[in-house]
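Heads up: the structure comes next, in structure tokens.
The values are calculated or read from the model by the stated rules, or taken from the named source; none is laboratory data. Predicted, not measured: the structure shown is a model, and the values here were computed from it. Using ideal geometry, Cβ is built from the backbone for each residue, glycine included, and neighbour counts are taken over all protein chains shown. These area figures cover heavy atoms from the full protein model, side chains too; ligands, DNA and RNA do not enter into them. Shrake-Rupley method; radii C 1.70, N 1.55, O 1.52, S 1.80 Å.
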Amino acid sequence: MAANEFRMLIGGDLVAGEVGSYDIVNPSTEHVVGQAPEASSAQVQAAAAAAADAFGAWSRTKPEYRAELLSRAADLLRERVPELVPLVQAETGATQRVTETMQVPTCVDRLRRYARGAMEPATIPLPPGETMTTALAPGGLMSAIAVRQPVGVVACITPYNFPIVNMAGKIGPALAMGNTVVVKPAPQDPLAVTVFGQIMHEAGFPPGVVNVVTGSGAEAGQALVASADVDMVSFTGSTPVGRAIGEVAGRDMKRLLLELGGKGAGIVFEDADLKTAISTIVSAWAFHSGQICTAPTRVLAQRGVYDQVVGGLQLAAGHLKVGDPLEADTIVGPLVSAVQRDRVEALIQTGISQGGELVAGGQRPDIETGFYVAPTLLAGCKPDNAAVQQEFFGPVVVVVAFDDEDEAVATANSTEFGLYDYVFTADTSRAMRVAKQLRTGNVGINTAQRNHEAPFGGFKMSGVGRDGGSFGLHAYSELQSIIWPG
Ligand code: NAD
């Protein structure tokens, strides 16, 4: 096998794609990074069948054993960080800063977290009321205990922005709970995911417990969701694809965890610390070139500070260095593909045609190769502007003015999304009051820092279900009641 050819993992075997292989392109240089296997639907079925075969024995393993294997995988992954960093960087186009902080090490942290998680059902009592209830039934006293059981075979379908971190965030809790998995990464950057699959194999996970298939969503993804061997689909990606998956999976009552699109509102009140608000919004705008679902890319600025907010964002846009992601001071790198760049550019033009005022960016930076979009700011937008309603998944921020709290809440709630909003204010009671009225799964108050133990997920079209910390373990389990007289 040539160094730049990668292999899928099916039933414990490293295999090439039956359909063939395709080039993975570096989004900055446009050079070929390596060849990804393209699975046939028969191979996808074989992976799901291998996971189904492995499920019985794996689900009966002791939590200590699952914890040990997850820890071993985290150790092996850590040893391979020097090899994974350049690979992830080359296939995603992420900057040095993003790769070295978020793209790779976070993955090790997630496996370690869920190695501990494997022990949770054994060592931490379930909440009262779930653990044991005693009720007087017509036949006498009845006792019950609620037990968390694994769901079965979990299809883990992931997006392109953080390929191995997204994989770790799904397989960690799924395996810890005793499920088996088939991973299908995004077609744009699946190479490091295949290496991750090999690492799981080397860590000693029995054949079939972890499988990795690569290829397009239309072929490999659809075949996986439709497979009769799959009991649950854990999907992170766009809302339209999530809806399509939900329709197919729903027919067979497959369990669903859907982490979908977002259009985070960053609500800036007049009493806010504007320096904090603007720097928080700018870092989210620039981080991974805006290819992050939780970013506050829809800024709602109260009329009294509107000009200052727009001015501050405009100034910052001029200082964000765009260019080669390998240069240490680059802040904004390329988007993942020409398709994504073209989509972002088209939505900028629509936003302008619907009345948005172009204050910064809007054009391609003068860089010879790569899929770049300059950091772009559209101000003076009406809430119904397409650029305010739709997700860019690129380095674009839109600004909408508001007069009072009620208008801020109504505007924030006016998109179909509800993933992550932000409130910037010095008034704590207003912050909590506004947060509770926002129809969104997560609210940051004067911060964009996440707490990974908190439940994470979306309201409305941003998804179904929650992961994060112990909620992640619960997401990959079924609650079973066992009842007996006495
Ligand atoms: P996408 O929806 O295009 O693709 C995601 C995955 O689904 C890929 O692996 C793709 O091959 C697969 N897929 C596509 N069609 C399929 C089908 N019919 N059946 C099964 N699988 C199919 O998303 P993307 O462009 O890779 O990622 C960007 C999107 O992901 C954005 O909308 C972003 O908001 C979202 N996202 C959400 C979160 C979150 O936690 N809520 C996190 C990261 C990204």
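One Cα centroid belongs to region 305-377, the other to region 201-216; the line between them spans 38 Å. Compute the separation of the alpha-carbon centres of region 398-428 and region 35-96 and state it in Å as a whole number. About 39 Å separates the Cα centre of region 398-428 from the one of region 35-96. Over the chain, dividing the summed -39,500 (n - 2.57) contributions of all DSSP H runs of at least 4 residues by the number of residues returns a 222 nm mean residue ellipticity of -11500 deg cm²/dmol. In this structure MET432 has an accessible area near 90 Å², from a 1.4 Å probe over the protein heavy atoms.
Are any of the pairs LYS275/LYS436; LYS263/LYS321; LYS184/LYS460; LYS254/LYS382 more than 32 Å apart by Cα-Cα distance, and if so, which?
Working: LYS275/LYS436 25 Å; LYS263/LYS321 24 Å; LYS184/LYS460 25 Å; LYS254/LYS382 40 Å.
Checking Cα-Cα distances, LYS254/LYS382 exceed 32 Å.
Ranking GLY262, SER234, ALA218 by Cα position along the charge dipole of region 204-273, where only Lys, Arg, Asp and Glu carry charges on their C-beta atoms, puts ALA218 farthest toward the positive end. Charge dipole of region 278-430 (Cα centre as origin; +1 on each Lys and Arg Cβ, -1 on each Asp and Glu Cβ, all else neutral): 220 debye, rounded to the nearest 20. Summarising the strand pairing of region 366-486, around 10 percent of its internal DSSP beta bridges are antiparallel.
Given Cα pairs under 8 Å that are at least 6 residues apart, what percent is the relative contact order of the chain? Relative contact order of the chain: 18 percent. When the residues HIS201, HIS452 are ordered by accessible surface, computed with a 1.4 Å probe over the protein chains alone, the sequence from largest down reads HIS452, HIS201. Computed over protein heavy atoms with a 1.4 Å probe, the accessible surface of region 64-118 works out to 40 Å² per residue.
If R0 equals 22 Å, the separation of the Cβ atoms of GLU416 and GLU357 corresponds to a calculated FRET efficiency of about 0.35. To put it simply, the accessible area of the chain at a 1.4 Å probe is 55 percent carbon and sulfur. Based on DSSP, what percent of beta bridges with both residues in the chain are antiparallel, to the nearest 5? In the chain, DSSP labels about 45 percent of beta bridges as antiparallel. Indicate the gyration tensor shape class of the chain (rounded, prolate or oblate), computed on the Cα atoms with a ≥ b ≥ c the square roots of the eigenvalues: a/c under 1.5 is rounded; otherwise a/b larger than b/c is prolate and the rest oblate. In terms of gyration-tensor shape, oblate. Highest-first packing order for the peptide set 273-281, 290-298, 31-39 is 290-298, 31-39, 273-281, based on the mean count of other beta carbon atoms within 10 Å. In a reduced charge model with +1 at each Lys and Arg Cβ and -1 at each Asp and Glu Cβ, the chain shows a dipole moment near 1100 debye about its Cα centre.
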